[in-house]
Amino acid sequence: MSIGVFDSGVGGLTVHRALVQRLPQADFIYLADQANAPYGGRAGEEIVDLTRAGCQRLFAAGVGLVVLACNTASAIALRRLQQTWLPGYRASLGRPINVLGIIVPTIEAATGLPWEHEAERRGEKVEALDVLGVFSTPATTRSRVYEIEIDKRKQDLAVFSEACPELVPMIEADAGPVDLAKVVETHVEALKTRIGRYPDRAILGCTHYEIVADMFRAALPAGTPLIHQPQATADSLELYLQRHPELDPGTGGGRRFLTTGEPGPQNGLVESFWGGPLRFEAA
Ligand code: DGL
């Protein structure tokens, strides 16, 4: 079997790269749903349907495990698919399969606590409050997933989200660095105005934003810690595979890159992030 990595577009490559570094022998198939990107402005039902279709495409290509390298799909679709679709689909395929998201590992990294941990609500006054800024797509921001899940675990961490609707389309369309940096700065300043100060740390809660992480670093006060989803996801996947030997990730070191959009080379911004040419096959 192999591991599938799914995103609406090229953002999931940031996670894919960390997974490949961690599991170099494993076989990977990446699927970008570029025909339907961006997901962030879509209605919830559409995001669920598109995510299900992406997973089905990857399972049809032989993967045993799909990592949703997309916050929007993880926040909006994952639980629904795990509850209502995956058990029946698994039975129909007659082999072990699963779908994992990237919100759980990100929240574990942000809180330093395991997912199972729930804060005791003692009603005590919280003395010191750290402020966490989350930059994400409109759909992820609307879901309030980071606010809700972090509040359950850590009440001394206040979460403020900022939706950045322009960034995914700009990154997919190879926008120039000056325009991208301007948009990033605008959103960092908007978040600062809303909080009343800069956040103490930040999550780039859309995998596309990792491609412009340097611009977020430049717009935030020097040294603001960023929680890195690719790293957190790689840590978590490695442990998951140890606990689930039935989901054999393969040993051939295979790498395939599929797109529902235009096959061929990816744009310059992506190639400079990737460090070389990258060709996608038609999905
Ligand atoms: N990379 C996806 C994410 O992490 C982008 C979603 C979109 O297409 O808007 O949310």
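Residues in the stretch 163-216 that are farther than 17 Å from residue 70 by Cβ and hydroxyl-bearing (Ser, Thr, Tyr): 186, 193, 198. Within the stretch 17-43, being touching a helix residue (DSSP H, G or I) at 6+ places or on another chain (Cβ under 8 Å) and assigned to a helix (DSSP H, G or I) holds for 17, 18, 19, 21, 22. Scanning the stretch 148-180 for residues that are away from the ligand (no atom under 16 Å from the Cβ) and touching a strand residue (DSSP E or B) at 6+ places or on another chain (Cβ under 6 Å) turns up 150, 157, 158, 159, 160.
Against the condition within 18 Å of residue 239 (Cα to Cα) and either within 14 Å of the ligand (Cβ to nearest atom) or part of a helix (DSSP H, G or I) (or both), how does residue 53 come out, does it pass? Don't jump to the end; show me each part of the working.
Working: within 18 Å of residue 239 (Cα to Cα): no; either within 14 Å of the ligand (Cβ to nearest atom) or part of a helix (DSSP H, G or I) (or both): yes.
Criteria not met by residue 53.
Quick check on the stretch 34-50: of everything there that is in contact with a strand residue (DSSP E or B) (Cβ under 9 Å, 6 or more places away or on another chain) and more than 18 Å from residue 164 (Cβ to Cβ), which residue is farthest from the ligand (Cβ to nearest atom)? Taking the candidates together, the pick is 35.
Condition check ((1) touching a strand residue (DSSP E or B) at 6+ places or on another chain (Cβ under 8 Å); (2) surrounded by fewer than 18 Cβ atoms within 10 Å (Cβ to Cβ); (3) of a type in the set (Asp, Glu)) across all residues:
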site	(1), (2), (3)
242	no, yes, no
255	yes, yes, no
271	yes, yes, yes
283	yes, no, no
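For residue 261, are the conditions met, namely being more than 15 Å from residue 37 (Cα to Cα) and either surrounded by 14 or more Cβ atoms within 10 Å (Cβ to Cβ) or of a type outside the set (Lys, Arg) (or both)? No; evaluated as a whole, the condition is false for this residue.
Taking helices (runs of 4 or more DSSP H) as the structural unit, those lying wholly within the stretch 139-210 and holding at least 3 residues that are over 16 Å from the mean Cα position of the chain (by Cα) correspond to 145-153, 177-195.
Coordinate-derived values only; no laboratory data. Computed from a prediction, not measured in an experiment: that's the story for all the values here. Note: ideal-geometry Cβ built from the backbone for every residue, glycine included; neighbour counts use all protein chains shown.
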